[in-house]
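These notes are about the structure you will find just below.
The values are calculated or read from the model by the stated rules, or taken from the named source; none is laboratory data. Being a predicted model, the structure only gives us computed values, none of them experimental. Backbone-built Cβ (ideal geometry, glycine too); neighbour counts: all protein chains shown.
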Ligand SMILES: [Ca+2]
Ligand SMILES: [Ca+2]
């Protein structure tokens, strides 16, 4: 981890507390509290770190066990790939929510690339993974799970030939392992579809 930690306030690997240190502490406390609501293990409770002049890598190591397998991409975000997948978009959405996260929504090429990086470690999984957009309300009008138009997210690069509403039944969002977007059925009975969750809780720290 390192130089990207804590925005531009990192110097020589140390978190600087020049500005609003109490705000920093408050935000960390709030974020950890938010994480703990999604974490059931008792040993992770009541742990508020002292953040004065500790290396970001140490801070990350401290927080890592609370992230439930979410991987940190410096300056980009926290992601988890459920390679085992599910047959249902709605189930994938719920699993992310139970982590205190949400189905991933790439907002940049950097973010799409983070997903691609993770995906490349799982060559045997299905080539498409559920992510957080759909056109269930109005055919062809792709929106995120939060209702924002897909074209406003900052990343709307479709896979070649997509979206194609194949079989008249493709109303949920996915990403190809190569990084392109694709419309896919919301229920896929023949095969489990892996999915990406994205965790926002601690992104502001790093
Ligand atoms: Ca559709
Ligand atoms: Ca499609």
Practice prompt. Answer yes if at least one residue in the range 105-114 is buried (at least 20 other Cβ atoms within 10 Å of the Cβ), in contact with a helix residue (DSSP H, G or I) (Cβ under 9 Å, 6 or more places away or on another chain), farther than 18 Å from residue 187 by Cβ and at pLDDT 95 or above, and no otherwise.
Written response: yes
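Condition check ((1) closer than 14 Å to residue 197 by Cα; (2) within 16 Å of ligand 1 (Cβ to nearest atom)) across all residues:
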{"position": "85", "(1), (2)": "yes, no"}
{"position": "113", "(1), (2)": "no, no"}
{"position": "129", "(1), (2)": "yes, no"}
{"position": "136", "(1), (2)": "no, yes"}
{"position": "141", "(1), (2)": "no, yes"}
{"position": "144", "(1), (2)": "yes, yes"}
Response to the item:
From the option list 157, 152, single residue qualifying as under 30 Å from residue 72 (Cβ atoms), free of Cβ contacts under 8 Å to residues at least 12 places away in the same chain and out of contact with any helix residue (DSSP H, G or I) (no Cβ under 6 Å at 6 or more places or on another chain) is 152
Practice prompt. Considering only the range 74-189, give the strands (runs of 3 or more DSSP E) lying wholly within it that have at least 3 residues that are closer than 17 Å to residue 200 by Cβ and more than 14 Å from ligand 2 (Cβ to nearest atom).
Written response: 77-86
